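Please read the structure below before turning to the comments.
The values are calculated or read from the model by the stated rules, or taken from the named source; none is laboratory data. Worth saying up front: this structure is predicted, and the values here are computed from it rather than measured. Here the Cβ positions follow ideal geometry from the backbone for every residue, glycine too, while neighbour counts run over all protein chains shown.
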Amino acid sequence: MAETVQQLLRQRLADTTPAVKFGEQVWTWREHLDEAARQAAGLIAIADPDRPLHVGTLLGNTPAMLTAMAAAGLGGYVLCGVNNTRRGAALARDIVKADCQILLTDSGHRELLEGLELPGVRVFDVDSDEWSALLAGARELTPHREVAATDTFMLIFTSGTSGEPKAVQVAHMMVPFAGVALADRFGITADDVCYLSMPLFHSNALMAGWAVALNAGAAMAPAAFSASGLLADLRRYGATYMNYVGKPLAYVLATPEQPDDHDNPLRVAFGNEATDRDIAEFGRRFGCAVWDGFGSTEGAVIITREDDCPPGSVGRGFPGVAIYDPETRQECATAVFDETGALANADEAVGEIVNTTGGGMFGGYYNDGNATDERLRHGMYWSGDLGYRDADGWIYLAGRTADWMRVDGENMAAAPIERIILRLPQVSQVAVYPVPDEHVGDQVMAAIVLADHAQLTPAELEEFLAQQSDLSPKSWPRYVWIADELPATATNKVLKRELITQGTKPQKGRVWTRAARSRSYTIG
């Protein structure tokens, strides 16, 4: 079995089956990798040998991005996936932090670089004559190096939901490890088409999309995600597999259902962070299997669902995954549920999700030793995610460490409250987060996005909350913001730090307020 991306790609060099489908164009694996080898040879020839050969990509989900990924694999240098939703000084910071000596962009993103200080970075527009000339003059590829399994293939920045993004060093071996497991699990072969609409600069697209196609020899259909355009794309490309991360299923389900939604080629959707409701509804509406798991960009914590996974749980962890109290560094108590199904011992059961065996496949953050040390403490990997585990080993998410709230002297987690509010049919998305109490501690605030054409009144919300037997009185949101949309990362994760910054008086939308010890909301 191949141990590196370089080895995997070499196995595909002579394949004449489809590799890339984009619009009306189709490239075979041989054509695709010929182009990638030419690109790698051209970049290696002009690179400064005294500097790390890091090639950044400020591109969208296009054939050019797929070619850049394959070129890095064949060429044995490091690809740096630059988040194309970053702007200004933040964008420049990422490029410089990753030590990019070459940056590839295109006509759609070139203007984002205007006025930025990028010392030592040579920028190429892949739509330009200069780029075409470089490729035309490239000689036969001699790789920068023959890579080992633990060598870095790609630098991938974290989502930045709880601070500045950090560049994770993703090892070559992670791609065959993830790709083989998923291709085997879902029966993906060269006859399949993998729809890649999640950002290719992110780990979900790399591990749950590109790696699957590469290992199986399946075709790839890169695209920009569109809730209204998904079904048409699936039919157009004959896509049988798709990956997702964050809220895409919710976005799609918010569009009006059509009688022929079931008529499409999709067999499997695999991803992270979908709700139980969206998993079931997406599978019903589009006639496919939906599998959801949990994993960090760092690759140190992996949790997988099984067929008998209980509602609300994200599954069972790989060996070493546990729930620990970050202060005592002891394993948390097993979760106890009351007769309504509510967590009865949050103070003792909720803790940080860790890998007790160490960092696993986590190779550290590039150029950021302090952040790496913060993750790897006391011989364990600390994820920054809160959770709790029941007596059978099923793990339930409770949010990020920043989602931990202290309400009226009681510790409370955001995720269980979000799962309850999502039972309300009118709700498409919800984010629960702490806002300062007027005296001490926190109060609960919920930002809600309604489904298309849905209506919700304060009285309807009050009636719904009162009917939820597993919702404690202290968990009732003091403030409810009916928002048009929630701030999110490029990977569809809600930016709660932006919500917290806006406080109880956001500039747009309507805010409902509940007085202390009251169950009635007033508008204003």
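Restricting attention to segment 433-454, report how many residues are closer than 21 Å to residue 348 by Cα and aliphatic (A, V, I, L, M).
1
So that you can scan it fast, the table gives a plain yes or no per residue for (1) outside any helix (DSSP H, G or I); (2) hydroxyl-bearing (Ser, Thr, Tyr); (3) buried (at least 17 other Cβ atoms within 10 Å of the Cβ):
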{"position": "455", "(1), (2), (3)": "yes, no, no"}
{"position": "464", "(1), (2), (3)": "no, no, yes"}
{"position": "492", "(1), (2), (3)": "yes, no, yes"}
{"position": "518", "(1), (2), (3)": "yes, yes, no"}
{"position": "522", "(1), (2), (3)": "yes, yes, no"}
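Does any residue of segment 433-452 turn out to be of a type in the set (S, T, N, Q) and part of a loop (DSSP other than H, G, I, E, B)? Steps first, answer last, please.
Step one: filter segment 433-452 for residues of a type in the set (S, T, N, Q), giving 443.
Subset that is part of a loop (DSSP other than H, G, I, E, B): none.
No, there is no match, as no residue in segment 433-452 is of a type in the set (S, T, N, Q) and part of a loop (DSSP other than H, G, I, E, B).
What residue, among those in segment 281-305 that are charged (D, E, K, R), outside any strand (DSSP E or B) and touching a Gly at 6+ places or on another chain (Cβ under 9 Å), is farthest from residue 385 (Cα to Cα)? Even if it seems obvious, please write down each step before you answer.
Residues of segment 281-305 charged (D, E, K, R): 281, 284-285, 292, 298, 305.
Restricting the remaining residues to those that are outside any strand (DSSP E or B) gives 281, 284-285, 298, 305.
Next, only the ones that are touching a Gly at 6+ places or on another chain (Cβ under 9 Å) stay: 298, 305.
Values: 298: 13, 305: 17 Å.
Within segment 281-305, the match that is farthest from residue 385 (Cα to Cα) is 305.
Is segment 23-46 home to any residue that is assigned to a strand (DSSP E or B), within 28 Å of residue 365 (Cβ to Cβ), in the same structural domain as residue 144 (by TED's automatic domain parsing) and of a type outside the set (Val, Ile, Thr)?
First, pick out the residues of segment 23-46 that are assigned to a strand (DSSP E or B): 25-28.
Narrowing further to those that are within 28 Å of residue 365 (Cβ to Cβ): none.
No, that holds for no residue.
When segment 8-40 is examined, which residues are found to be crowded, with 16+ Cβ neighbours inside 10 Å, in contact with a Lys or Arg (Cβ under 9 Å, 6 or more places away or on another chain) and closer than 22 Å to residue 177 by Cα?
12, 15, 19, 29, 33
Determine whether segment 473-481 contains at least one residue that is under 19 Å from residue 226 (Cβ atoms) and buried (at least 18 other Cβ atoms within 10 Å of the Cβ). Steps first, answer last, please.
At the first step, the residues of segment 473-481 found to be under 19 Å from residue 226 (Cβ atoms) are none.
No, every residue in segment 473-481 fails to be under 19 Å from residue 226 (Cβ atoms) and buried (at least 18 other Cβ atoms within 10 Å of the Cβ).
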